[in-house]
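A quick write-up on the structure given underneath.
The values are calculated or read from the model by the stated rules, or taken from the named source; none is laboratory data. Keep in mind the model is a prediction, meaning the values are calculated, not measured. All Cβ positions, glycine included, derive from the backbone under ideal geometry; neighbour counts span all protein chains shown. SASA here: full protein model, heavy atoms, side chains in, ligands and nucleic acids out. Shrake-Rupley method; radii C 1.70, N 1.55, O 1.52, S 1.80 Å.
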Amino acid sequence: MSTVIPVPDNWHSLSSSWDELRHGYHAGDKDETVRGCARQLDATAPGSDGDPVLFWTLGLLTLAPYLAFGNPGPGVEDEAVAALSRVARGDVGRTCAHGWHPYEADVDDLLEHLPDCLEVLSSPVDQALDDLLPEDLLPEIYLDEIEDEDAEPANLSGTEILARWQCPRTAPGFARAALDYLGVSVR
């Protein structure tokens with residue numbers, strides 16, 4: 001079954017675990033959760049249509065608040081930063097026709113909305129396209145705050161926003177957003 005973005009079969013439990021950790025009530029091994037996500041991201045091939053690079057990148061973005069404000073063990077942040085940097089460097093010299101991408105949204109707003117977005121992004125392609133609305137893929141507050149109605153993403157349909165999520169530049173952009181959140185330059 002082809003989904004909007006490639007995701008592993010256990011994507012929902014992983015996403016829930018990451019969100020729990022972000023909110024500070026994860027009962028498992030926090031550092032191992034981060035390391036596991038970083039290892040999975042390292043094991044994926046950038047630019048490959050079948051690998052869930054974007055999913056694992058979003059995982060590390062979700063875990064960035066823990067890395068920034070929690071108390072991760074030695075080397076945990078370094079492992080995450082190395083994986084994110086590899087993905088962020090995958091965008092060098094790449095262009096596209098899109099004027100805007102989801103990684104340009106406010107990270108905190110996006111993180112609040114990400115579990116809902118992942119429900120759509122992990123859906124089978126034909127199911128995801130049925131009655132797709134922009135607020136299914138972006139925080140509604142973000143869509144409402146744009147004053148210029150002609151500006152992207154305010155003037156984009158749900159399907160056009162979905163195309164931005166699927167753009168090869170999106171995973172590297174989210175990797176850079178996670179690195180920015182951590183106050184780290186691409187290495």
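Please give the per residue accessible area of the chain, computed with a probe of 1.4 Å over protein heavy atoms only, in Å². Could the numbers behind the result be given before it?
Values: 8930 Å² over 187 residues.
Each residue of the chain exposes 48 Å² on average to a 1.4 Å probe.
Given Cβ point charges of +1 (Lys, Arg) and -1 (Asp, Glu) and nothing else, what value in debye, to the nearest 20, does the dipole of the chain about its Cα centre take? Walk me through the numbers before you get to the answer.
On the way: 11 positive and 35 negative charges, 259 e Å.
For this selection, approximately 1240 debye.
Here the range 111-135 and the range 83-97 have alpha carbon centers that stand 24 Å from each other.
Which longest run of the chain has no exposed loop site in it, a site being GluC sites (Glu not before Pro) in a DSSP loop with at most 12 other beta carbons within 10 Å, and the site itself not part of the run? List each step's numbers first, then the result.
On the way: sites that count: Glu147, Glu149.
With GluC sites (Glu not before Pro) excluded where exposed in loops, the chain gives 1-146 as its longest stretch.
For the range 5-14, 3J(HN,Hα) computed residue by residue from phi via the Karplus equation (6.51, -1.76, 1.60; θ = phi - 60°) reads 10, x, 9, x, 4, 8, 4, 5, 5, 4 Hz, glycine and proline entered as x.
Scalar couplings 3J(HN,Hα) for the range 86-91, obtained by applying the Karplus form with A = 6.51, B = -1.76, C = 1.60 to θ = phi - 60°, are 4, 5, 4, 5, x, 9 Hz; x denotes Gly and Pro. The helix-only estimate of mean residue ellipticity at 222 nm for the chain, built from DSSP H runs of length n ≥ 4 each weighted as -39500 (n - 2.57), is -17500 deg cm²/dmol after division by the residue total.
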